[in-house]
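The values are calculated or read from the model by the stated rules, or taken from the named source; none is laboratory data. From a predicted model like this one, the values you see are computed outputs, not experimental measurements. Cβ placement follows ideal geometry from the backbone for every residue including glycine, while neighbour counts extend to all protein chains displayed. Accessible surface areas use protein heavy atoms only, side chains included; no ligands, DNA or RNA. Shrake-Rupley method; radii C 1.70, N 1.55, O 1.52, S 1.80 Å.
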Amino acid sequence: MKADVAIIGAGPAGLLLGHTLRQAGVDVVIVERHSAAHVRARIRAGVLETVTTDLLARLGLADRLQAEGLAHEGLLLADGDRLIRIDLAELTGRHVTVYGQTEVTADLIDAAPGRGLPIVWNAESVTLHDIESQTPSLRFRLAGVEQRLDARFLVGCDGFHGPARAAMPAAIGRTYERVYPFGWLGILADVAPCSDELIYANHPNGFALASMRSRTRSRYYIQAPLDEVVENWSDERLWDEIVVRLGPEAGARVVRGPALEKSVAPLRSFVFEPMAHGSLFLAGDAAHIVPPTGAKGLNLAASDVWYLSDALIGWFKRADAAGLATYSDRALARVWKAERFSWALTNLMHRFPDHTPFERRMQLAELDYIASSRAARTSIAENYVGLPL
Ligand code: APR
Ligand code: PHB
């Protein structure tokens, strides 16, 4: 097999990049470890910035998003008793769109055959070769048979655990990491949301988030110990805790229902620099992880794709190498600001095992400041809707 660009991974990053390059006439092949059914069934975040919705619109793949996505012009921070509204529309003139990542992925996978975007599913043991040359390749097994894909460039869109980042020589890279001492226990249920807008709650028992996928499907999370087992949380116990943590006003409006899905996810901040070496580029979770508190993971993958697709199209269509040379620095400048925002919002809203009453008071003072200061709310709002590209 041969391609201009070989992409490892058919998550949001790989699919968005694959479609964008394909639309510009660049020859690309995506190689994915799992089946299409597996990738489509993954339940992840659901808040899209305009970088992400604009990318889908530019691809002509935003019809369902525009019909079914919910425009959110604000969000709420809860500090026990009070709800503090961050008015995104008034403070920034922009909004975010609530539309499940599961749906984004489905839309991109469904459109691939019609647009001549080849995706190799169920590729086992993918390895990267000759990344420092101009003739790199991927090798993998398909139904037990060895395969080889030659390309001019390789792009690792293979998530945090994929082989691409590991293929960079240890001496050229540096990692920055913070692992948080708790996780999020999530529940998905076919019940009406308790609020028209998302609520991020700081409660003495720990963080809670009220989110949604549609007007009839809700997604809630609570902060939980990392070693928490889902089996300890009956639906009833989880609903009781969600109601308490969201505070009296929102808690009273929570509609309960059977869990469609329940799981615990860890929280991590992570950046690998640089995002390019030789003929290999990284995009999305392969290069950086944010805790989910700012809903930035998928949107950062989209902004990487924005920069990298531009650079690769420049190289193939205009013989312009400048974009590829600056990709890593451009992408990282935006990544670090999103890392800062996700980390700050995580610190503000969670209960940490080593917190003393002093740190708790600092959180409450900051929330009180946010409630009283337009400048503080503007800072949160402009980060939440997404900083400029
Ligand atoms: N070979 C081929 N594919 C692989 C391999 C491998 N060895 N390892 C991982 N992959 C695939 C995964 O199966 C997955 O489909 O790479 C894909 C990576 O997708 P994501 O983990 O979703 O990462 P990314 O596309 O960067 O998404 C960024 O979306 O899913 C969220 O949490 C994620 O918010 C983040 C954003
Ligand atoms: C979600 O709906 O899954 C969600 C929303 C906002 C976040 C994180 C997750 O910050």
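Which lysines have a Cα less than 22 Å from the Cα of residue 262, not counting those fewer than 8 places away in the same chain?
296
With an 8 Å Cα cut-off and a minimum separation of 6 or more residues, compute the relative contact order for the range 262-321 in percent.
25
What does the charge add up to near residue 5, with Lys and Arg as +1, Asp and Glu as -1, over the other residues with Cβ less than 13 Å from its Cβ?
Summing Lys and Arg as +1 and Asp and Glu as -1 gives +1.
Give me the percent of DSSP beta bridges within the chain that run antiparallel, rounded to the nearest 5.
Antiparallel: roughly 75 percent of the beta bridges in the chain.
Relative contact order (percent) for the range 1-84, with alpha-carbon contacts under 8 angstrom and 6 or more residues of separation?
Relative contact order for the range 1-84 comes out at 24 percent.
Quick check for you: with a 1.4 Å probe and neighbouring chains kept, what is the accessible area per residue of the chain, in Å²?
Computed with neighbouring chains in place, this is 41 Å² per residue.
Running a GNM on the chain with Cα contacts under 10 Å, which residue among 143, 57, 112 ends up with the highest mean-square fluctuation?
Among 143, 57, 112, the largest mean-square fluctuation in the Gaussian network model of the chain belongs to 143.
Could you tally the net charge around residue 309, taking each other residue with its Cβ under 13 Å from the Cβ of residue 309, Lys/Arg +1 and Asp/Glu -1?
0
Hand me the trypsin sites (Lys or Arg not before Pro) from the range 86-148 located in a DSSP loop with no more than 16 other Cβ atoms within 10 Å, in residue order please.
94
Compute from the Cα atoms of the range 255-356 the Rg and the Dmax, the latter being the longest Cα-Cα distance, and quote both in angstrom.
17.5, 58
Taking the Cβ of residue 296 as the center, what net charge do the other residues with Cβ under 14 Å away carry, scoring Lys and Arg +1 and Asp and Glu -1?
0
Considering only DSSP beta bridges where both residues belong to the range 5-116, give the percentage that are antiparallel (nearest 5).
Antiparallel: roughly 70 percent of the beta bridges in the range 5-116.
For the chain, what is the mean residue ellipticity at 222 nm derived from helices alone (per DSSP H run of n ≥ 4: -39500 (n - 2.57); sum divided by total residues; nearest 500 deg cm²/dmol)?
-11500 deg cm²/dmol
In whole percent, and with a 1.4 Å probe on the protein chains, what portion of the accessible area of the range 267-369 is carbon and sulfur?
58
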